[in-house]
Amino acid sequence: MKSQVIVIYGMIGVGKLTVAKILTKKTWYKLCHNHLINDTVSSIFERWSEERPKLIEDIADMLYAKALEKHISFITTHAYSHDYISPTGQSDHEYLKKIEKEAEKNNVKAYFIHLIADDNSILNRIINPSRKEYLKLTDQEIMKELLQQHDRKTSADVRNNLTIDTTHLTAEETAEQILNFIQ
């Protein structure tokens with residue numbers, strides 16, 4: 001079977017990591033979710049330091065490029081807003097296109113899964129105690145601001161893209177839809 005990368009992207013609190021963990025158990029693919037890299041960098045550099053965004057992007061680029069070069073099938077997550085631009089100048093859309101291009105270069109099949117949910121679902125999910133395991137946002141007031149500021153419903157312009165509204169789905173049901181899509 002050809003190697004695959006599954007990129008689960010969407011707004012904060014939409015269920016990316018929960019779904020990714022289920023998929024990992026069902027596919028045996030490796031899992032490198034965005035907080036593994038973000039939290040590692042944050043252990044040394046403060047959240048708003050000017051070095052942090054570039055380090056996160058560089059580490060992710062190197063890690064994913066090497067995994068794709070070695071044909072390791074893996075799942076990753078990415079907090080996404082269609083209109084977000086990093087302090088480095090890279091848009092979320094450009095970030096996903098970069099993964100797509102690197103996968104194609106290495107003859108790895110890339111799937112992009114855009115998870116969306118309604119505002120109330122997101123606001124309820126971000127207060128889940130499981131989010132404290134990583135340095136995830138848990139403040140509903142900050143989340144309300146982000147929901148108003150960013151376009152989280154427009155999907156990236158990438159091939160093999162599936163959008164799933166998780167508002168009324170369990171993580172297990174969402175994972176099943178993804179498995180049907182990638183087979």
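Of the candidates Ile142, Ile113, Ile59, which one comes out as most mobile in a Gaussian network treatment of the chain with C-alpha springs shorter than 10 Å? Of Ile142, Ile113, Ile59, the Gaussian network model singles out Ile142 as fluctuating most. Simple point charges give the picture: +1 on the Cβ of Lys and Arg, -1 on the Cβ of Asp and Glu, and for region 4-182 a dipole about the Cα centre of about 640 debye. Our summary gives region 4-182 a relative contact order of 34 percent, counting only alpha carbon pairs under 8 angstrom and 6 or more residues apart. Ordering Tyr29, Asn160, Phe112 by the projection of their Cα atoms onto the charge dipole of the chain, which places +1 on the Cβ of Lys and Arg and -1 on the Cβ of Asp and Glu, puts Tyr29 at the extreme positive end.
Pick out, in residue order, every one of the chymotrypsin sites (Phe, Trp or Tyr not before Pro) in region 1-89 that is DSSP loop and has at most 13 other C-beta atoms within 10 Å; say none if there are none. Kindly include the intermediate steps, with their values, before the conclusion.
Details: sites: Tyr9, Trp28, Tyr29, Phe45, Trp48, Tyr64, Phe74, Tyr80, Tyr84; in loops: Trp28, Tyr29, Phe45, Trp48, Tyr80, Tyr84.
When the chymotrypsin sites (Phe, Trp or Tyr not before Pro) of region 1-89 are filtered for loop state and at most 13 Cβ neighbours within 10 Å, Trp28, Trp48 remain.
When the C-alpha to C-alpha distance is required to be over 20 Å, the pairs from Lys97/Lys153; Lys16/Lys153; Lys70/Lys136; Lys21/Lys132; Lys26/Lys132 that qualify are Lys70/Lys136; Lys26/Lys132. Against the set (i) 0.93; (ii) 1.05; (iii) 0.97, the structure's computed Rg/Rh (Cα atoms, Kirkwood Rh) falls on (i).
Throughout, read-outs are computed from the coordinates displayed, never taken from laboratory work. Small disclaimer: the values here were computed from a predicted structure and weren't measured. Heads up, the Cβs are rebuilt from the backbone with ideal geometry, glycines too, and the neighbour counts pull from every protein chain shown.
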